[in-house]
There are 2 protein chains.
Amino acid sequence: MIQERIESTFMTSSDDPQVVWHEHSVDRASRERLMGHRGGVVWFTGLSGSGKSTVANAVESLLHIQRVHTMLLDGDNIRHGLCAGTNLLAAEHGQVFAQRFGLGFGPLDREENIRRVGAMTQLFASAGMIVLTAFVSPYRIDRQRVRQWVESQGQPGDFVEVFVDTPLAVCEQRDPKGLYQQARAGKIANFTGISDPYEPPEHPEIHLSAYDKNPRELAEDVVAWLKAHQRIA
Amino acid sequence: MIQERIESTFMTSSDDPQVVWHEHSVDRASRERLMGHRGGVVWFTGLSGSGKSTVANAVESLLHIQRVHTMLLDGDNIRHGLCAGTNLLAAEHGQVFAQRFGLGFGPLDREENIRRVGAMTQLFASAGMIVLTAFVSPYRIDRQRVRQWVESQGQPGDFVEVFVDTPLAVCEQRDPKGLYQQARAGKIANFTGISDPYEPPEHPEIHLSAYDKNPRELAEDVVAWLKAHQRIA
């Protein structure tokens, strides 16, 4: 008797009203309606010190006051969690685990870092959010793969690439974290622009030249683009 | 001159109005205000076939009609992306990459699978969403680590563990995907409940016995708990 009741609650016969109710699962379109806007990915790429995080933060602030639901992903909230390095993982999970899954900055590690972040951005977009990312993401093919994944799970236009095009010399002069100095001194390996290549986007949706505008003005350009392309109202 | 302007837009002196504006970055509390509710994680755990996905889907439907912003993570949207296996990765990224980063179902793979999902749920909670997960997540320490990570980045109560406590015999009789049959025949290794252990939660926030209620009733119990504990209004 009990067994029969269990089975009846999980039966898949189409004349069971329970099943009809289940078929109304919450999909992306439903989530977007509740959010009041479509989900999508705004992917900032550029050298260390180019201003990616600064501009992405400014864009998020502008979107937020317009009641757009946003999330910002960058090294701060990714490299301690989803893409933690060997040392961090070893403390919690042991050496064997950390050696296998910890991410550094070698070519394969960067590829996997961007792959994981990209997979996650697709889920944020499916949740109906506008997710902004601020990673150097130096390799063209890695960014291209993220675009393909995001758009194949959604639709063309869901991935907006923003190239923060600040010359290396300017980034190196700013050097806000002192990383270029360390890289020049050979204390940091695989440093983009110094000992590792940066492949600029060929056809970014948005190309920012940080020469003649301040971060807020650049952010306003991004928001204007998103409005002009109906990503937000 | 141009150089001076660039520097001035990124200077950190506190008497620069630009900087004051930047300091208003969008934080979790701001996102939660816009969402209309706090973010959090509702983590379903239980054997394959226990009803995790069914109940989680039902909870999401109930929350959605109450205008709660939700996202549901399960094997379907994780094992193809964030936690893809070796074969999937090899097609896109090549064998060397896939061998290093692809996830299977061995103990370390399960540990990393849950670690990645857990890190991501924390970010969804920080975005102000209620994220529901439906993974077997058989190991107690893995679930405990996710709880600690989520709550250390937020506050106690952000992680709600839901034990879908359906006996193995019932799950095996249902066998909705035919997996138990394959596991018994030795065609699937590391199958939880058959050739791999399941460690039930010792103190789950919510303990569902799928004996005497249907999925919708169980989902209503979960929603009632979330209301009683002020996770939603």
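What follows is calculated from the coordinates using simple rules that are stated; it is not laboratory data. The shown structure was predicted, so the numbers you read here are calculated from the model rather than taken from an experiment. Note that each Cβ is placed from the backbone with ideal geometry, even for glycine, and that neighbours are counted across all protein chains shown.
Looking only at other chains, what is the average number of their beta-carbon atoms within 10 angstrom of each beta-carbon in B:164-175?
Numbers: counts 0, 0, 2, 1, 0, 1, 5, 0, 0, 3, 4, 0.
What the average comes to for B:164-175 is 1.
Which whole-angstrom value gives the distance between the alpha carbon centres of the stretch A:202-233 and the stretch A:96-161?
The two parts, judged by their Cα centres, are 21 Å apart.
Treating the beta-carbon of each Lys and Arg as +1 and of each Asp and Glu as -1, no other charges, what is the dipole magnitude of the stretch B:39-228 about its Cα centre, to the nearest 20 debye?
340
For A:Val96, place a label point 7 Å out from Cα along the Cα→Cβ vector, do the same in each other copy, and report the separations in nm, one decimal, smallest first.
2.6
Report the one residue of A:Gln173, A:Leu82, A:Thr54 whose Cα lies farthest in the direction of the positive end of the charge dipole of the stretch A:30-228 (charges on C-beta: Lys and Arg +1, Asp and Glu -1; origin at the Cα centre).
A:Leu82
Using only DSSP helix segments of four residues or longer, with each worth -39500 (n - 2.57), what per-residue ellipticity at 222 nm results for chain B after dividing by its residue count and rounding to 500?
-15000 deg cm²/dmol
Counting Lys and Arg as +1 and Asp and Glu as -1, what is the net charge of the other residues whose Cβ lies under 9 Å from the Cβ of B:Val162?
On the way: positive: B:Lys52; negative: B:Glu161, B:Glu205.
Combined, the nearby Lys, Arg, Asp and Glu give -1.
Looking only at A:Ala84, A:Ala185, A:Ala134, which one moves most when chain A is put into a Gaussian network model with springs between Cα atoms under 10 Å?
Comparing A:Ala84, A:Ala185, A:Ala134 in a Gaussian network model of chain A, the most mobile one is A:Ala185.
List the distances, in nm to one decimal, from the label point of B:Leu108 to the label points of the same position in every other copy, shortest first, placing each label point 7 Å from Cα along the Cα-to-Cβ direction.
Copy-to-copy label distances at B:Leu108, shortest first: 1.2 nm.
Less than 16 Å apart at the alpha-carbon level, and either on another chain or at least 8 residues along: which lysines does that give for B:Lys187?
B:Lys187 reaches B:Lys177.
With a 10 Å radius around each residue's Cβ, average the other Cβ atoms per peptide and rank A:224-230, A:48-54, highest first.
Per-residue Cβ counts within 10 Å, averaged per peptide and sorted highest first, yield A:48-54, A:224-230.
Would you please name the chymotrypsin sites (Phe, Trp or Tyr not before Pro) within the stretch A:42-101 that are DSSP coil residues with at most 12 other C-beta atoms within 10 Å of their C-beta?
Passing sites in the stretch A:42-101 do not exist.
At 7 angstrom along the Cα-to-beta-carbon line, where would the label on B:Leu168 sit relative to the other copies? Give the distances in nm, shortest first.
Result for B:Leu168, in nm, nearest copy first: 6.0.
Cα to Cα, under 23 Å, and not fewer than 8 places away if on the same chain: which lysines meet these conditions relative to B:Lys227?
By straight Cα distance, B:Lys227 reaches B:Lys52, B:Lys213.
Counting Lys and Arg as +1 and Asp and Glu as -1, what is the net charge of the other residues whose Cβ lies under 13 Å from the Cβ of A:Ile130?
Working: positive: A:Arg31, A:Arg38, A:Arg67, A:Lys227, A:Arg231, B:Arg31; negative: A:Glu32, A:Glu60, A:Asp158.
Neighbourhood net charge equals +3.
Can you tell me, using C-alpha contacts under 8 Å and at least 6 residues apart, the relative contact order of the stretch B:39-228 as a whole percent?
Reported as a whole number, the value is 35 percent.
Within 10 Å of each Cβ in A:123-130, how many Cβ atoms from other chains are there, averaged over the peptide?
Neighbouring Cβ atoms belonging to other protein chains average 5 per residue here.
Mind checking which chain B residue has its Cβ closest to the axis relating B to A, and how many whole Å off it is?
B:Met120, 3
Using modelled backbone amide H atoms (1.01 Å from N, in-plane), which distant-in-sequence or interchain residues come within less than 5 Å of B:Leu47's amide H?
The list, which skips near neighbours in sequence, is B:Thr166.
Can you tell which of A:Pro138, A:Pro200, A:Pro176 shows the greatest fluctuation in a Gaussian network model of chain A with Cα springs below 10 Å?
In the Gaussian network model the winner is A:Pro176.
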